[in-house]
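Structure, as structure tokens:
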Amino acid sequence: MTCDFEEAAARKARSIARLDAAGIPWIDRLPPIEPEAKVLRRSAEEIGLRTICLALVSMKAAGADTDFV
């Protein structure tokens, strides 16, 4: 478990350095996430389908007609 945390903390530190270099603000209180080996990588198709679904939900929430959505 310690190894997992150390990897996640190191990855967070690298990400923060990249954000700082680009002048992008970040939130200090966010914890490191799970180690890269445990992350589920989605395919381009899965990402595209998820994006379409979220766009449709957003349209409906904004008041779009059900038949249109």
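In the stretch 25-54, how many residues are surrounded by fewer than 11 Cβ atoms within 10 Å (Cβ to Cβ) and in a loop (DSSP other than H, G, I, E, B)? Qualifying residue count for the region: 10. Per this entry, Val57 is not counted among residues that are more than 16 Å from the chain's Cα centre (by Cα), in a loop (DSSP other than H, G, I, E, B), surrounded by 10 or more Cβ atoms within 10 Å (Cβ to Cβ) and of a type in the set (Val, Ile, Thr). Taking the numbered list (1) open to solvent by less than 100 Å² (accessible area, probe 1.4 Å); (2) over 16 Å from the mean Cα position of the chain (by Cα); (3) at pLDDT below 85 in turn, Ala22 passes all entries but (3).
The values are calculated or read from the model by the stated rules, or taken from the named source; none is laboratory data. From a predicted model like this one, the values you see are computed outputs, not experimental measurements. When we count neighbours, we look across all protein chains shown, and the Cβ atoms used for this are built from the backbone with ideal geometry, even at glycine. With ligands, DNA and RNA removed, areas are computed over all heavy atoms of the protein, side chains included. Shrake-Rupley method; radii C 1.70, N 1.55, O 1.52, S 1.80 Å.
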